[in-house]
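In what follows, a structure is listed as structure tokens, so that the remarks can point back to it.
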Amino acid sequence: MSTTEPGVGRIEVGSRTVHPALVLTVLATAAFVAVLDVWITNVGLPAIGKGVGERSLSNLSWVLSAYAIVYAALLVPAGRLADRFGRKGGFLLGLALFSSASLGAAVCSNIWVLVGFRVLQAAGAAVLTPSGLGLLLTTAPADKVQKYVNIWFATGALSATCGPLLGGALITASWRWLFLINLPVSLLAFLGAARWVPNTKHQLNTRLPDALGGALLIVGIGALALGLVEGPVWHWSSARVLVAFGVAVVAVLAFVAQSARHPAPVVQLSLLRDRVFASANVAVLIAYAAFSILLLSVILWLEGHWHYSALRTGLASAPGPVMVPIFAGVAENLRLKTKIPAGVIAAMGLFLVGLGATLFALSIGQPRDYVGDFLFCWLTVGAGGGLAFPTLIASATINLRPEQTATGSAIVSMFQQIGAVIGISVLVAILGAASAGASLHLFQAAWVTSAGLSSTALIVAFGVTPRRATHLALAEREPQPERASG
């Protein structure tokens, strides 16, 4: 139970005085560094390959995919464990694991050891993310909860904006700084959390999470990614590829069956009966697959064909992510101040992402024309992402009951990460062993594939528009202005 002291910027949680602004700063800092690691690793993937002596894109892709797979599978179970045993302890444990694994990743010199540390990083991030959001919700002043949550989520957009540029700058010193940068930031967040963040009440009646379901999801998505990335090398009809796809199908079906009977599943299948929630998750998965293809492919193109340095690649790829928070604000204004349905706004954004991908396929060539051929395409993709992604994520939980919102948000994040894994795997399958040195024809095939996925997500996105009854229900919950008397 928390009570606010008006005008002094602090609240009482139990017998302890808490400064919400300090708590927000600490939690947002941790969220920032966890998401930043995804963006700077994308930009730094070619440099990482040189550093560990690995030229195969199929092997290097696991630096990205292993993180996303484990993060996706553990996000919901880790949140339930934190609710059961303590959110502050979960947050500190996750932050300590994330930073320790970052140190291990920075000092290793073998690709598979690096992938192992990326798995540990993902486990830490999966623990600290829901723990941090839970702490934020229980310590924010009642009248500022939504504002604080918006700020917390905005840190992800900020990391996307500065990630490419920061990654390019760090690589000029060494690829190891892509991971070492996490240490001082994580240390500050850890000390701040230990000092200022209260340990909110445990939910002792929370059921233990479905560990088997999480393991099945890791196996299923991992096997799918393995089959896709190794298909060009092992040959698509080889026994190893067929076994990988077979394991993926069996594991995913077993995951669904396990989720249907477990009292605390990774995915509550009942939630997927909600049309808006189901449509939003499917659209998010497909859209993030399309975007992941674009993000990694343009980095590989800039460094492999236009021979940009890491810093120049970071500078060149930064304008796209800059557009995301700008057009996220545009999408928010459209949703609140116009009668344009959420599904239409998301579809408009996905149309722009697909358009940007198509323009890449039509305009990019060997002559280096950054402004004429690259910049407009990339700005178009960024603007589309800003309209589509926040709208889809916000719409996913609009029909859910309040007690389902946290789990629903975690499931959306899970589908987001799975989409990223699929997109990266598809790109690796298209480019093959040549990776960054693949022909223009293969890059064009990747961009056309991204455009096709964006078009598919566009169609699904129309399903996220809530029914009119939902709009009326929400309106009834809004406080109405008092009428002037007399």
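The values are calculated or read from the model by the stated rules, or taken from the named source; none is laboratory data. Just so we're clear, the structure is a prediction, and the values are computed from it rather than from any experiment. Methodologically, a virtual Cβ is constructed for each residue, glycine included, from the backbone with ideal geometry; neighbour enumeration extends over all protein chains shown. Keep in mind that these areas ignore ligands, DNA and RNA; they rest on the heavy atoms of the full protein, side chains included. Shrake-Rupley method; radii C 1.70, N 1.55, O 1.52, S 1.80 Å.
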- prompt: For region 250-393, what relative contact order do you get, as a whole percent, if you take Cα pairs closer than 8 Å and at least 6 residues apart?
  reply: 29
message: Taking 51 Å as R0, compute the FRET efficiency from the Cβ-Cβ separation of residue 137 and residue 173 and round it to 0.05.
response: 0.85
message: Taking θ = phi - 60°, what integer Hz values does the Karplus form 6.51 cos²θ - 1.76 cosθ + 1.60 yield along region 370-384, in sequence order, with x for Gly and Pro?
response: 4, 5, x, 9, 9, 4, 4, 4, 6, 5, 5, 4, x, 5, x
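Please quote Rg/Rh for region 198-314 to two decimal places, taking the Kirkwood radius as Rh and restricting both calculations to Cα atoms.
Details: Rg = 19.7 Å, Rh = 17.7 Å.
Here the Rg-to-Rh quotient is 1.11.
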statement: Placing each pseudo-label 7 Å from Cα in the direction of the beta carbon, residue 195 and residue 405 end up separated by a distance in nanometres of 3.1
task: Would you mind checking region 177-200 for residues with the amide N under 20 Å from a putative spin-label position 7 Å along Cα→C-beta of residue 96?
output: 182-200
task: First measure r as the distance between the Cβ atoms of residue 207 and residue 339, then evaluate 1/(1 + (r/R0)^6) with R0 = 51 Å and state the FRET efficiency to the nearest 0.05.
output: 0.75
field: Shape call, region 232-272: gyration tensor on alpha carbons, a/c limit 1.5
entry: prolate
- request: Note the angle between two axes, namely the Cα long axis of helix 405-431 and the longest principal axis of the Cα atoms of the chain, as a number of degrees from 0 to 90, rounded to the nearest 10.
  value: 0
message: At 1.4 Å probe size, put 274, 143, 210, 369 in order of accessible surface, largest to smallest.
response: 143, 369, 274, 210
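Give me the 1.4 Å probe accessible area per residue for the chain, excluding ligands and nucleic acids, in Å². Before the final figure, lay out each step's value.
On the way: 20560 Å² over 486 residues.
The answer is 42 Å² per residue.
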Rough spin-label spacing in nm, given labels placed 7 Å along Cα→Cβ, for residue 373 and residue 187: 4.5
- prompt: Given the C-alpha centroids of region 347-395 and region 118-155, what is the distance between them in whole angstrom?
  reply: 29
query: In region 142-185, which residues have a backbone nitrogen under 19 Å from the label point lying 7 Å from residue 109's Cα in the Cα-to-Cβ direction?
result: 173-180
- prompt: For the chain, what is Rg from Cα atoms divided by 2.2 N^0.38 Å, rounded to two decimals?
  reply: 0.96
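As a test of the definition: which semi-axes, in Å, follow for region 81-188 when you take the square root of five times each eigenvalue of its alpha carbon gyration tensor? Largest first, please.
Details: eigenvalues 159, 69, 18 Å².
Here the semi-axes work out to 28, 19, 9 Å.
Which semi-axis lengths, in whole Å and largest first, follow from the square roots of five times the eigenvalues of the Cα gyration tensor of region 272-423? Each step should come with its number before you reach the end.
On the way: eigenvalues 194, 53, 29 Å².
Working from the Cα gyration tensor, I get semi-axes of 31, 16, 12 Å.
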